[in-house]
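Encoded as structure tokens, the structure appears first; notes follow it.
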Amino acid sequence: MAGFNTAISGIRAATTALDVTGNNIANASTTGFKSSRTEFADIYATAAIGSGASNVPGSGVLVSDIAQDFSGGNVQHTNNNLDLSINGSGFFQLDDGRGSVTYTRDGSFELDKDGFIVSKNGANLQGFGVDETGNRLPIGDLQVSQKESPPKATETMSLSFNINEASDSLALIVPYSRLESGSHTFSTTVGTFDSLGNEHSIRYDMVEQQPRKEVHTFDYDDTAGDTFTISGQALDSVADFTAGKIDAAPLLLLQAADPRILDVDFDSAAVPNTIKVTFKADSSEYGSLVNTDVLGVLTNETITYIDSNEQQYFNMTTNLFTGPVQFKIAGVAFNLDGTAPNLSSQEVADAVIAKETEIRDSNPNIESITFDPAANAPNGQLKITFKADSGDVNDTSALVEEIVGNFFAPGAPVTPDAVTQGDNSFQGVYRMYGYLNPLGQSPESLDLGKLADPSSNPSPPTEIAPILIKFNPSNGILTSINGNVVPTGVGATVPKIIIRNADPADPSTTITLDIAGTTQFADEQIVKAQGQDGYGKGDLTGVSFTGTGDMVATFSNNQSVTLGIVAVATFENQAGLQPSGNTQWQATFVSGEPVLNPPGSGLNGSLRSSALESSNVDLSAELVALIEAQRNFQASSKTLETLNTVTQNILQI
């Protein structure tokens with residue numbers, strides 16, 4: 001009777017279903033476990049020839065497949081960065097080093113003694129290596145190969161600050177001194193590192209240029225010759241000067257060689273004769289004036305300072321005015337009567353000074369009016385001083401107009417008898433100094449890239465000295481950095497400052513300083529932003545993973561480095577994977593070869609760190625399946641029992 005085999009096949013199928021269900025229930029708490037279900041198929045015996053197949057009762061049941069459910073399980077968060085889960089499709093690839101490559105969803109990894117990322121059974125997690133530029137390398141064992149972060153010398157630095165435009169440069173202590181806080185306008189310090197990882201600091205002092213001009217005075221020995229050399233440019237005291245003033249053509253040549261120079265004077269009446277070289281107001285305390293005369297024509301240099309205000313001098317024509325005196329200064333009229341009594345030049349000057357406020361209101365560029373009775377003796381001299389911000393004004397700026405009395409000289413307007421040229425180039429200009437370890441036992445002045453002072457002799461391209469930082473005085477925006485113009489276009493690159501000798505361990509190291517965003521506004525002096533790219537040695541403090549699979553090592557010096565990228569394997573038919581235990585699968589011919597890519601690329605799931613994927617077993621469904629399998633087993637057993645009874649009855653006939 002075929003029914004016996006049919007009943008036995010049912011018992012076998014039900015037993016397999018019980019085994020599968022029991023296995024699912026047993027692994028309900030196994031990390032990364034995927035549940036299975038039993039699939040059945042009926043059995044029919046058919047003949048190759050003949051008919052009546054539709055009347056065949058059937059030969060029982062068989063287990064056609066034990067199908068795995070690869071749907072994701074719930075994610076449990078942990079405190080271990082090495083616990084990984086895949087949010088989506090894909091498997092971790094493991095290699096035990098003995099030729100066995102398996103795949104798993106169990107991401108409970110750990111570090112072995114050699115720093116490799118391994119599973120609980122010691123298989124190595126596979127991933128892509130990366131080179132120093134971040135390019136992917138071939139698949140291999142992921143390893144924390146870098147246990148410390150080597151130091152890096154500071155090579156780039158950014159610093160942005162605001163200098164209060166309202167600060168008074170005349171309040172600064174002169175000359176500038178690193179040790180005197182009252183001699184600089186603004187100061188800030190930035191930490192740096194040398195190539196050995198030692199920490200240092202660099203202090204930057206900003207000193208606003210005052211409205212004054214620097215005068216270099218030399219004794220001139222004409223017996224040694226008529227020519228002398230300043231800033232590499234040869235001058236002739238006879239051919240290049242007229243009435244003690246340098247002529248325009250040689251002055252232009254000299255200024256081309258040394259842009260700091262404003263004017264040169266030759267005083268042949270002084271004993272000994274003198275040569276005076278005047279710097280522009282923006283170049284005070286900005287390097288030295290190089291005199292390279294081998295014959296000693298210029299000697300005994302002294303440095304003094306004069307105001308940068310323009311001053312116009314008007315000589316009185318007489319010391320006694322005996323009639324009407326009428327003139328105008330800046331449009332302010334004066335009508336004086338010197339008939340009875342007669343007016344002295346002092347009395348006329350007093351009348352002018354009495355209206356000084358009215359004159360300044362009429363011409364706001366005028367700062368003061370004074371009278372010197374000893375000058376142009378015995379008549380005296382009137383001096384009109386202009387504000388320093390006015391710069392170089394023309395000879396008629398005071399608009400002194402002679403009307404009656406020949407007070408100054410005939411003509412309207414009156415030409416000054418002498419003029420000290422004004423210079424407002426100091427506006428918005430700061431000297432910038434740099435010091436390495438300013439509070440240490442051996443502070444060092446830094447080479448910020450100032451070009452060496454002009455000279456006819458070969459000299460180094462740069463020298464240890466301050467550089468000039470210039471702002472537009474009308475809007476407080478940077479206009480020039482160390483002689484390099486700051487572009488105004490959108491997205492333009494601000495010139496950088498190259499700092500030398502800032503690394504005691506490696507003198508060849510330079511620091512590129514970017515001060516973009518620095519301003520001169522009438523607001524508090526603050527550092528708006530600062531940073532640098534150096535750091536000291538660091539020890540490994542942890543390993544973490546990003547959503548795209550980057551394995552990032554972090555160090556105690558706040559640095560991090562990507563050591564590799566976790567590989568995620570996908571298959572054309574993941575249902576064809578063969579379970580191999582330890583919640584792992586092996587690729588088969590049915591599953592196809594694995595396709596390896598980083599997490600998050602293509603259809604790959606993203607990576608989660610400090611998280612594990614739980615089993616996807618549904619206990620409620622499994623308990624129902626357990627009841628169904630038990631029912632099927634009992635029913636098939638009853639069929640077998642019934643067939644046995646029938647057989648016994650037949651034997652008793």
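The values are calculated or read from the model by the stated rules, or taken from the named source; none is laboratory data. Since the structure is predicted, the reported quantities are computational estimates derived from the model, not experimental observations. Neighbour counts are summed over all protein chains in view; Cβ atoms, including those assigned to glycine, are modelled from backbone coordinates with ideal geometry.
Just name the residue that is surrounded by the fewest Cβ atoms within 10 Å (Cβ to Cβ) out of those in the range 371-403 that are in contact with a Gly (Cβ under 8 Å, 6 or more places away or on another chain) and farther than 14 Å from I329 by Cβ.
Filtering first and then ranking leaves A374.
If you go through the range 518-548 one residue at a time, how many are more than 28 Å from P598 (Cβ to Cβ) and either small (G, A, S) or touching a helix residue (DSSP H, G or I) at 6+ places or on another chain (Cβ under 6 Å) (or both)? Of the residues in that region, 5 qualify. Cβ-Cβ contacts under 6 Å between residues 6 or more apart (or on different chains), taken from a first residue in the range 358-370 that is under 12 Å from T385 (Cα atoms) to a second residue that is part of a helix (DSSP H, G or I) and acidic (D, E), are listed as I369/E356. Given the criteria closer than 23 Å to Q76 by Cβ, touching a residue at least 24 places away in the same chain (Cβ under 8 Å) and not aliphatic (A, V, I, L, M), does S614 qualify? Taking the combined requirement at face value, the residue satisfies it. With respect to the conditions (1) surrounded by fewer than 17 Cβ atoms within 10 Å (Cβ to Cβ); (2) out of contact with any Ser or Thr (no Cβ under 9 Å at 6 or more places or on another chain), S480 falls short on a single one, namely (1).
Has the range 527-538 got at least one residue that is in contact with a strand residue (DSSP E or B) (Cβ under 6 Å, 6 or more places away or on another chain), under 30 Å from G72 (Cα atoms) and assigned to a strand (DSSP E or B)? No: zero hits.
I'd like to check which strands (runs of 3 or more DSSP E) are fully inside the range 226-269 and have at least 3 residues that are surrounded by fewer than 20 Cβ atoms within 10 Å (Cβ to Cβ) and not small (G, A, S).
Details: elements: 227-230, 233-236, 261-267.
It comes to 261-267.
Within the bounds of the range 511-522, is there any residue that is surrounded by fewer than 17 Cβ atoms within 10 Å (Cβ to Cβ), out of contact with any Gly (no Cβ under 8 Å at 6 or more places or on another chain) and in a strand (DSSP E or B)? Yes, there is a match, as at least one residue in the range 511-522 is surrounded by fewer than 17 Cβ atoms within 10 Å (Cβ to Cβ), out of contact with any Gly (no Cβ under 8 Å at 6 or more places or on another chain) and in a strand (DSSP E or B).
Per-residue answers, yes or no, for (1) touching a helix residue (DSSP H, G or I) at 6+ places or on another chain (Cβ under 7 Å); (2) aliphatic (A, V, I, L, M); (3) farther than 30 Å from D533 by Cα; (4) without any contact (Cβ under 8 Å) to a residue 40 or more places away in the chain:
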{"residue": "H200", "(1), (2), (3), (4)": "no, no, no, no"}
{"residue": "Y204", "(1), (2), (3), (4)": "no, no, no, no"}
{"residue": "K213", "(1), (2), (3), (4)": "yes, no, yes, no"}
{"residue": "Y220", "(1), (2), (3), (4)": "no, no, yes, no"}
{"residue": "T227", "(1), (2), (3), (4)": "no, no, yes, no"}
{"residue": "V238", "(1), (2), (3), (4)": "no, yes, yes, yes"}
{"residue": "D247", "(1), (2), (3), (4)": "no, no, yes, yes"}
{"residue": "P250", "(1), (2), (3), (4)": "no, no, yes, yes"}
{"residue": "A257", "(1), (2), (3), (4)": "no, yes, yes, no"}
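Scanning the range 413-437 for residues that are modelled with pLDDT of 95 or more, out of contact with any Ser or Thr (no Cβ under 8 Å at 6 or more places or on another chain) and outside any loop (DSSP other than H, G, I, E, B) yields a count of 3. Within the range 542-555, take every residue that is touching a residue at least 60 places away in the same chain (Cβ under 8 Å) and either surrounded by 17 or more Cβ atoms within 10 Å (Cβ to Cβ) or polar (S, T, N, Q) (or both) and give me the one that is farthest from Y103 (Cα to Cα). The selected residue is F555.
So for the range 351-370 (the condition being more than 60 Å from the chain's Cα centre (by Cα) and exposed (fewer than 13 other Cβ atoms within 10 Å of the Cβ)), does at least one residue qualify? Talk me through it step by step, then tell me what you get.
Step one: list which residues in the range 351-370 are more than 60 Å from the chain's Cα centre (by Cα), which gives 351.
Retained after the next criterion (residues that are exposed (fewer than 13 other Cβ atoms within 10 Å of the Cβ)): none.
The answer is no, given that none of the residues of the range 351-370 is more than 60 Å from the chain's Cα centre (by Cα) and exposed (fewer than 13 other Cβ atoms within 10 Å of the Cβ).
Would you check if I353 is among the aliphatic types (A, V, I, L, M), closer than 30 Å to F218 by Cα and at pLDDT 90 or above? Write out each step before concluding.
Details: among the aliphatic types (A, V, I, L, M): yes; closer than 30 Å to F218 by Cα: no; at pLDDT 90 or above: yes.
No: the conditions fail for I353.
Among the residues of the range 178-212, just one is hydroxyl-bearing (S, T, Y), part of a loop (DSSP other than H, G, I, E, B) and under 18 Å from D282 (Cα atoms), namely T185.
Counting only strands (runs of 3 or more DSSP E) that fall entirely inside the range 304-380 and contain at least 1 residues that are hydroxyl-bearing (S, T, Y) and within 18 Å of V414 (Cα to Cα), the qualifying elements are 311-315, 366-372.
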